[in-house]
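As structure tokens, the structure follows; a few thoughts come after it.
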Amino acid sequence: MDKIYCIGKFQFESKEKYQEALDDIEKIKYISKKMDINEPGVAQRLYSLVREGKIIFHSVIGDDYLLYLSDMMVEDYRALSRDSFTKKIIGRLRQISPRQVIGAICMAGAVVCFLIFLGSEYNDRQKTKALEKMKSEQEISAASDWLSAKLLDVLGTDEAKDTKKREVVVAESETVDNEVYAAEPIQEIGPPVLPEYQALYEKNSDFAGWLTIDGTEIDYPVMQAVSESSNFYLDHDFDGKEDINGSIFLDSRNSLKEPNDNMIIYGHNMKSGMMFGGLKEYLEPSFWKEHKKLTFNTIYDKAEYEIVAVCLSKVAKEGNGEFKYYNFIDAGNKKTFNRFVKTVKELNIMDEKLELSYGDKLLTLSTCNSYTEDGRLFLVAKKCKK
């Protein structure tokens, strides 16, 4: 069997190259212990030593570390530029009157506010374009897989059945100072990821699925962080970059491989309408009646849901005995399920009869709402039978 040697995102075709990479990691660890790369000028000195051949790396990990050093140099230059700029501004401010200073500050504040507004608009548009691109790639991937399957069927080939299994050799996990590298842990074997979501899952293994609600801007990937970082996607996007919009994300207690009785998805109520900003439309009974259906496909399964309740609630204080809708994950028994249904009936702002039965698979969408302090708007949907 073929062997693949992996360290983090890198793969090595031979044991020799793999060993060279491990040697480079040891060099990086040694350098990090001896020198604080965050001190001004240290990154530049290290970069020069590497370029002059006084520190030699033999693998792509060394090359990547050199890029890391160059990024640190850029940050040093930016810091120096900011300091120099600040000193110049202070010198000029000392030469003008207090009234002129106040006027200049007010003008600068107005300009900054306008630029922040433009920046926010630009970021929202860029995020929307990125999501549209992801959606398009997903659809292309699905079409490509369908065409490939048709072609294989026509040719009568069994190539897919003859694919050789490959043994993956993964380096033992260890952390390098300055968080430059760490070997990836062995992935747990589970059900196959749907073909159309394979590429997105490979980009970020926190990708849990895709949520779409017609009539709103909700057409987003759904993320899921582990319990130790369950709030990570409150302010990070699909690529793990900081973003005020955050992402919509699945409760860390939910399981994709063995779906719970109630899957809970959270998202910010953005004024721009992004993320779960569109859920407030459901406060209008007419909108709810026309847009009851939604689609939530996990990476393992596709499903349609019907929204059966629109509820207003708030974050309950600990120890007051209130039933917290956001803690209902698995019923366990009919009594607990009925207690959840009773709570939903009490909080539901729609007049129609709530039709839920023990055994129904539920989906809850939760976001903030300013109708009261710590207010919450949540929608309960039940899975449609195929």
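The values are calculated or read from the model by the stated rules, or taken from the named source; none is laboratory data. Small disclaimer: the values here were computed from a predicted structure and weren't measured. Glycine also receives a Cβ, built like all others from the backbone with ideal geometry; neighbour counts cover every protein chain displayed.
Please verify whether Ser141 is within 30 Å of Gly278 (Cβ to Cβ), at pLDDT below 75 and in a helix (DSSP H, G or I), treating the condition exactly as stated.
Working: within 30 Å of Gly278 (Cβ to Cβ): yes; at pLDDT below 75: yes; in a helix (DSSP H, G or I): yes.
Yes: the conditions hold for Ser141.
Identify all residues within segment 8-66 that are under 30 Å from Glu202 (Cα atoms) and touching a Leu at 6+ places or on another chain (Cβ under 8 Å); write none if there are none.
Taking segment 8-66 and keeping what is under 30 Å from Glu202 (Cα atoms), we get 8-29, 57-66.
The one that is under 30 Å from Glu202 (Cα atoms) and touching a Leu at 6+ places or on another chain (Cβ under 8 Å): Phe57.
Taking the criterion of being outside any loop (DSSP other than H, G, I, E, B) and exposed (fewer than 15 other Cβ atoms within 10 Å of the Cβ), would at least one residue in segment 318-331 satisfy it? Break it down into steps so the answer makes sense when it comes.
Initially, segment 318-331 is screened for residues outside any loop (DSSP other than H, G, I, E, B), giving 325-327.
This time we only want the ones that are exposed (fewer than 15 other Cβ atoms within 10 Å of the Cβ), so: 327.
Checked segment 318-331: at least one residue is outside any loop (DSSP other than H, G, I, E, B) and exposed (fewer than 15 other Cβ atoms within 10 Å of the Cβ).
Restricting attention to segment 214-253, report how many residues are over 18 Å from Glu304 (Cα atoms) and either in contact with a Lys or Arg (Cβ under 6 Å, 6 or more places away or on another chain) or assigned to a loop (DSSP other than H, G, I, E, B) (or both).
The qualifying residues number 19.
Pick from Ala225, Ala208, Ala199: which is aliphatic (A, V, I, L, M) and surrounded by fewer than 18 Cβ atoms within 10 Å (Cβ to Cβ)?
Numbers: Ala225 fails: surrounded by fewer than 18 Cβ atoms within 10 Å (Cβ to Cβ); Ala208 fails: surrounded by fewer than 18 Cβ atoms within 10 Å (Cβ to Cβ).
Among Ala225, Ala208, Ala199, only Ala199 is aliphatic (A, V, I, L, M) and surrounded by fewer than 18 Cβ atoms within 10 Å (Cβ to Cβ).
For segment 332-348, enumerate the residues that are touching a Phe, Trp or Tyr at 6+ places or on another chain (Cβ under 9 Å) and part of a loop (DSSP other than H, G, I, E, B).
Result: Asn333, single match.
With basic (Lys, Arg), exposed (fewer than 14 other Cβ atoms within 10 Å of the Cβ) and at pLDDT 90 or above as the only criterion, which of Lys164, Lys241 stands out? Steps first, please.
On the way: Lys164 fails: at pLDDT 90 or above.
Result: Lys241 is the single residue among Lys164, Lys241 that is basic (Lys, Arg), exposed (fewer than 14 other Cβ atoms within 10 Å of the Cβ) and at pLDDT 90 or above.
Under the condition of being among the acidic types (Asp, Glu) and over 18 Å from Arg376 (Cβ atoms), which residue from segment 336-364 is surrounded by the most Cβ atoms within 10 Å (Cβ to Cβ)?
Here is the first cut: in segment 336-364, the residues among the acidic types (Asp, Glu) are 346, 351-352, 355, 360.
Cutting the leftovers down to over 18 Å from Arg376 (Cβ atoms) gives us 351-352, 355, 360.
On the way: Asp351: 6, Glu352: 11, Glu355: 11, Asp360: 17.
Checking each candidate, the answer is Asp360.
Among (1) over 25 Å from Lys203 (Cα atoms); (2) part of a helix (DSSP H, G or I); (3) modelled with pLDDT of 80 or more, there is one condition Asp76 misses while meeting the rest; what is its number?
(3)
Which condition from (1) touching a strand residue (DSSP E or B) at 6+ places or on another chain (Cβ under 7 Å); (2) over 28 Å from Glu196 (Cα atoms); (3) at pLDDT below 95 is the one that Lys324 breaks?
(1)
Which pairs turn up if I take residues in segment 31-58 that are more than 12 Å from Met72 (Cα to Cα) and assigned by TED's automatic domain parsing to the domain that holds Ser70 and look for partners that are part of a loop (DSSP other than H, G, I, E, B) and at pLDDT 80 or above with beta carbon separation below 8 Å, at least 6 apart in sequence or on another chain?
Ile31/Ile55; Leu49/Ile55; Val50/Ile56; Val50/Phe57
Residues to consider are Lys317, Lys353, Lys293, Lys335; find the one that is out of contact with any helix residue (DSSP H, G or I) (no Cβ under 7 Å at 6 or more places or on another chain) and either among the acidic types (Asp, Glu) or within 24 Å of Ile248 (Cβ to Cβ) (or both). Walk me through how you get there before you give the answer.
Numbers: Lys317 fails: either among the acidic types (Asp, Glu) or within 24 Å of Ile248 (Cβ to Cβ) (or both); Lys353 fails: either among the acidic types (Asp, Glu) or within 24 Å of Ile248 (Cβ to Cβ) (or both); Lys335 fails: either among the acidic types (Asp, Glu) or within 24 Å of Ile248 (Cβ to Cβ) (or both).
Within the list Lys317, Lys353, Lys293, Lys335, the selection yields Lys293.
Any residue at all in segment 235-246 that's closer than 23 Å to Tyr325 by Cβ and in contact with a Leu (Cβ under 7 Å, 6 or more places away or on another chain)?
The first filter runs over segment 235-246 and keeps only residues closer than 23 Å to Tyr325 by Cβ, leaving 246.
Within this subset, residues satisfying the condition of being in contact with a Leu (Cβ under 7 Å, 6 or more places away or on another chain) are 246.
Scanning segment 235-246, I find at least one residue that is closer than 23 Å to Tyr325 by Cβ and in contact with a Leu (Cβ under 7 Å, 6 or more places away or on another chain), so the answer is yes.
Looking only at segment 275-311, which residues are among the hydroxyl-bearing types (Ser, Thr, Tyr), buried (at least 16 other Cβ atoms within 10 Å of the Cβ) and part of a helix (DSSP H, G or I)?
Tyr282, the sole residue that qualifies.
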